[in-house]
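Trainee: Right, I'll just put the structure down here and ask away after.
The values are calculated or read from the model by the stated rules, or taken from the named source; none is laboratory data. A quick note: this is a predicted structure, and the numbers were derived from the prediction, not measured. Cβ atoms come from the backbone with ideal geometry, glycine included; neighbour counts cover every protein chain shown.
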Amino acid sequence: MKNLLKLSDLSKEEIIGILDLADDLKEKRKQGIEHKYLAGKKLGMIFSKSSTRTRVSFEVGMYELGGTALFLSSNDIQLGRGEPICDTARVLSRYLDGIMIRTFAQSDVEDLAKFGSIPIINGLTDYCHPCQVLADLQTIREMKGSFEGKKLCFVGDGNNMANSLIVGCLKVGMSVSIACPDKYKPDAEIMAWAEKTGRFECITDVVEAAKGADVVYTDVWASMGQESEKAQREKDFAGYQVNDEVMAVTNEGCMVLHCLPAHREEEITAKVFEEHANEIFEEAENRLHAQKAVMVKVML
């Protein structure tokens, strides 16, 4: 495993290997056992999109692994002044041991890997969010014990989160249902691949999609860069809320996950959010452990 560009590049065994290492690193941290596997290594963190969890978890994670993380805003480096990403990749490859990038276009991540000579980690694009879903899978396995026979229902925009959840959950053996308006469906190629598994559906009826779910997942209706669409999206997603009615048709002990930040009383009620806050914030913590595992896998 040289890079983490998207989950579809990974096998089930590679995903499970990352999760196993993440669990081990989480336990080492809990026990106060040093694990400086990346001592002396340097990670460049390119941010074209702002962040809380991605920025802090990667920076803290690299420190705990014994390395150094450099924050590189796209406004502060030559990318923001029009330098081709192929040139940035070749320059940074001579200074760093790895790059994490949080940006808009998936092609930027792919080009960094194509033209650079060091590992590239996708911290988020408009197409996918592999780091978040690895943390989600770690949380699900922690709390449910296994993936086999479990169903995840995603409610909301068929965005980067939906794309990565479909791929990650199906690869580890789960079933996936997506509840979204027709014009907000996930990526067509991802859905075509998913339908071949026989464990996937994408429908407009939220309650129907949530029936028998072991995990219900949601995200904001308007993501970063979609602020101008907020009013229209509020109309389009009316009814696509995780609430008591939705939770009533799920399996007993159903988890609720949210990649955060959450807009209470929009995509999720405050009541349901607070009832499942322990799961949601454990999920947020697991960003640290899962990303440390990824960094070790690609940079060691």
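Trainee: Residues E59, E110, E64: which one is free of Cβ contacts under 8 Å to residues at least 60 places away in the same chain and of a type outside the set (G, A, S)?
Mentor: E59
Trainee: Among the candidates D136, D157, D126, single out the residue that is charged (D, E, K, R), assigned to a loop (DSSP other than H, G, I, E, B), under 26 Å from V272 (Cβ atoms) and in contact with a helix residue (DSSP H, G or I) (Cβ under 9 Å, 6 or more places away or on another chain).
Mentor: D157
Trainee: I've got another one for you. Of a type in the set (A, V, I, L, M, F, W, C) and surrounded by 22 or more Cβ atoms within 10 Å (Cβ to Cβ): is that true of M143 in this structure?
Mentor: When the stated conditions are applied, M143 does not pass them.
Trainee: Further question: Among the residues of the stretch 210-243, count how many are within 24 Å of L7 (Cβ to Cβ), in contact with a Phe, Trp or Tyr (Cβ under 8 Å, 6 or more places away or on another chain) and either exposed (fewer than 15 other Cβ atoms within 10 Å of the Cβ) or without any contact (Cβ under 8 Å) to a residue 60 or more places away in the chain (or both).
Mentor: 1
Trainee: Please tell me if L152 is assigned by TED's automatic domain parsing to the domain that holds F273, under 30 Å from K26 (Cα atoms) and under 13 Å from the mean Cα position of the chain (by Cα).
Mentor: no
Trainee: Here's something else I'd like to know. Only residues in the stretch 128-155 that are among the acidic types (D, E) count as the first member; pair them with residues that are assigned to a helix (DSSP H, G or I), Cβ under 8 angstrom, at least 6 apart or cross-chain, and list the lot.
Mentor: The qualifying pairs are D136/L165; D136/G168; D136/E283; D136/N286; E142/D23; E142/E282; E142/N286.
Trainee: Which of the residues spanning the stretch 270-300 are in a loop (DSSP other than H, G, I, E, B) and within 14 Å of V242 (Cβ to Cβ)?
Mentor: Within the stretch 270-300, H276 is the sole residue that qualifies.
Trainee: Is the stretch 211-230 home to any residue that is at negative phi, out of contact with any strand residue (DSSP E or B) (no Cβ under 9 Å at 6 or more places or on another chain), hydroxyl-bearing (S, T, Y) and at pLDDT below 95?
Mentor: Looking for residues that are at negative phi, out of contact with any strand residue (DSSP E or B) (no Cβ under 9 Å at 6 or more places or on another chain), hydroxyl-bearing (S, T, Y) and at pLDDT below 95, one finds at least one in the stretch 211-230, hence yes.
Trainee: Would you kindly identify the strands (runs of 3 or more DSSP E) lying entirely within the stretch 196-269 that contain at least 1 residues that are acidic (D, E)?
Mentor: Per the criteria, 200-203.
Rundown of residues vs (1) in a strand (DSSP E or B); (2) under 16 Å from the mean Cα position of the chain (by Cα), yes/no style:
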position: L19; (1), (2): no, yes
position: D23; (1), (2): no, no
position: E27; (1), (2): no, no
position: I33; (1), (2): no, no
position: Y37; (1), (2): no, no
position: I46; (1), (2): yes, no
position: S50; (1), (2): no, yes
position: S57; (1), (2): no, yes
position: M62; (1), (2): no, no
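Trainee: Go through the stretch 232-245 and report how many residues are of a type outside the set (D, E, K, R) and either at pLDDT below 95 or over 12 Å from K271 (Cβ atoms) (or both).
Mentor: Final tally of qualifying residues: 5.
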